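The values are calculated or read from the model by the stated rules, or taken from the named source; none is laboratory data. Keep in mind the model is a prediction, meaning the values are calculated, not measured. Methodologically, a virtual Cβ is constructed for each residue, glycine included, from the backbone with ideal geometry; neighbour enumeration extends over all protein chains shown. Side chains are part of the model used for accessible areas, which takes the heavy atoms of the whole protein and leaves out ligands, DNA and RNA. Shrake-Rupley method; radii C 1.70, N 1.55, O 1.52, S 1.80 Å.
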Amino acid sequence: MSADNLEQKYKPVHTNKTGGSPFTGITGWIDNRLPVIRMFKHEYLDFQVPKSLSYFWSFGGILTICLILLIITGLSLGMHYKPDTKYAFDSVEKIMRDVNFGWLIRYAHVNLTSFFFIAVYLHIFRSLYYGSYKEPRQLMWLIGIVIFFLMMATAFLGYTLPWGQMSFWGATVITNLFSAIPFFGESVVTWLWGDYSVGDAALNRFYVLHWLIAFLIVGVVVFHVIALHIVGSNNPSGIEPKDTRDTVSFSPFTTSKDLVGMLVFLLIFVAVMMYAPNYLGHPDNYIPANPLVTPPHIVPEWYFLPFYAILRVIPDKLMGVIAMVGSIAVLGLLPWLDFSRVRSCVFRPIWKQCVFLFVLNFFVLMYIGAAPADGIYVVIGRIATAFYFAFFFILAPLVAATEKPLPMPESIHEFENWKKQGKIKTINIFSK
Amino acid sequence: MNENKNKDKSTRRDFLTTVTATVGAVGVGAAVFPIINHMNPDSSVKALASIEVDISGVNEGQEITVLWRGKPVFIKRRTKEDILKAKETKMADLKDPQEDKARVIKEEWLVVIGVCTHLGCVPAGGQGDYSGWFCPCHGSHYDTSGRIRKGPAPTNLEVPKYEFVGSDKIKIG
């Protein structure tokens, strides 16, 4: 082989990719070496979003703000809290009474959790109603479900930390869910506890895991957002943007709108935190944990109630646990169970009713989760549980197969015109 | 390496791959086991695993609760009626069939771990449809032998390992 041939055979490589920044000066110098500035410009300034987005699309931003505030307040609380069964309860009381602004920081952390779940449920409802889980956004939807699971885990772990009666018995009941695992159940639970009951070892590790999972959420949220920036935002019409008449720049249009949404949401949050800080909590958690006395009524936080109801109404232990976990996991199958090609409920008259019924049923389950576990409540709970699963396994494919969608506009700007002409109705409270 | 004359075609590289993979697997296993196992109860926790309880002051029909391994243990001095009820129950009526005599050492004394086998709450004594215990969390009913009769709990209240030390003391664990 001659030297000439040899050189032709090898393709050039460029391991050094500096350059190509649209910026100059210091910004350009940095951007050529760490291309985050152009990424930010590309993803947040030039990024195009459908112009028909309603306030329902602000909840992603609202959730981000909530997550940041939760981490900041959590960091502050962590500087004063002691994860030891002897001191945990008292250290929380010290935060409430002695630490400068401790009451504010703790009430903010506690109520932000509730508002985080409110925002997440509205965010999930938005996806259900406007078909945001459908092609090509299935993976983004699945990542969202992972975030939801992690949120529930963190919220549960955080709730055990004050070591009140509800903390202790909540921890006992939830960790005992693992004892339903065939054969290894008991060993798994002992391993989780590091003892033969929920105690000091458990509290200490719950505290560590509460931190860990909070940051895992941040990581998975980054994935959720990366996926969003590839598939783009859905919108109330469910139609993909086609040309510049259909879109606006993310900044300043969506950012300013999202800021309004965040402000209104945070104002409501502050009002609740200041005037009814314990309204969403359970008074029994201000009684120190006592392993000998189970409170007559063990009730989880409101955001767990629907799933807790599903657990309780099933008379078999293992099946109850499977149904409870399954009730969340089943959301992941929805993009395939609901195979209708029309995304938005605006054009799906029957599915729209199903979604509203599902929401109503969710509230019924929430009520049942807080009611005593006997009599008529169990019967209602079983019907509601049956409907919950029927929504996914029967209604979704059935409606997708049989429903005749309403006539649809060709594009988003036409959709907007139809809306102005009163030809179509959208959910009014969050539109405009 | 081109000069491999072994009949089974295995090379030095195959050998190195196998050895490296084995050492790697052993190393990972050796590292993972402590990381998993440190979360289990340690010897100091296990050492606290037995207690002695004085039962001389417990009258017929009374029940005391003691803490063992962080869990409540019910020690109940059963009445004749309780014992009779427990003995007469047909095995067919039980979800987790077990004779009463298999659950006690002395008929008069029932010793069970006071943790509902459903999700770990403490059942309340003298309540429920079978006058044994009733768990307020998810509605499990236990009879006078601590056996599950109704509700979501899968098994009977657990009987801990115990023995009578003298006439008025029980050693649990």
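Residues that are more than 14 Å from chain B (Cβ to nearest Cβ) number at least 3 in the following helices (runs of 4 or more DSSP H) confined to region A:169-277: A:200-231, A:255-275. Of everything in region B:108-133 that is in a strand (DSSP E or B) and under 22 Å from A:ILE174 (Cα atoms), the residue that is most open to solvent (accessible area, probe 1.4 Å) is B:ALA124. Restricting attention to region B:148-172 and to residues that are assigned to a loop (DSSP other than H, G, I, E, B) and hydroxyl-bearing (Ser, Thr, Tyr), the residue that is surrounded by the fewest Cβ atoms within 10 Å (Cβ to Cβ) turns out to be B:SER167. The residues of region B:31-47 that are open to solvent by less than 90 Å² (accessible area, probe 1.4 Å) and either of a type in the set (Ser, Thr, Tyr) or closer than 20 Å to A:VAL188 by Cα (or both), listed by number, are B:ALA31, B:VAL32, B:PRO34, B:ILE36, B:ASN37, B:MET39, B:ASN40, B:PRO41, B:ASP42, B:SER44, B:VAL45.
Across region B:83-95, the number of residues qualifying as surrounded by 13 or more Cβ atoms within 10 Å (Cβ to Cβ) and in a loop (DSSP other than H, G, I, E, B) comes to 3. Anything in region A:313-357 that is assigned to a helix (DSSP H, G or I), open to solvent by 60 Å² or more (accessible area, probe 1.4 Å) and under 28 Å from A:LEU150 (Cβ atoms)? List them, or say none. Selection gives A:LEU318, A:MET319, A:ILE322, A:VAL325, A:LEU333, A:TRP336.
Is it the case that some residue within region A:10-30 is modelled with pLDDT of 90 or more, open to solvent by less than 60 Å² (accessible area, probe 1.4 Å) and under 27 Å from A:HIS224 (Cβ atoms)? No, the conditions are met nowhere in region A:10-30. Could we say that A:TYR107 is modelled with pLDDT under 95, assigned to a helix (DSSP H, G or I) and surrounded by 13 or more Cβ atoms within 10 Å (Cβ to Cβ) here? The answer is no for A:TYR107. The single condition among (1) open to solvent by less than 70 Å² (accessible area, probe 1.4 Å); (2) more than 27 Å from A:THR190 (Cβ to Cβ) that B:ASP14 does not satisfy is (1). Apart from one condition, A:THR385 fits all of (1) of a type in the set (S, T, N, Q); (2) surrounded by 15 or more Cβ atoms within 10 Å (Cβ to Cβ); (3) under 21 Å from A:SER132 (Cα atoms); the exception is (3).
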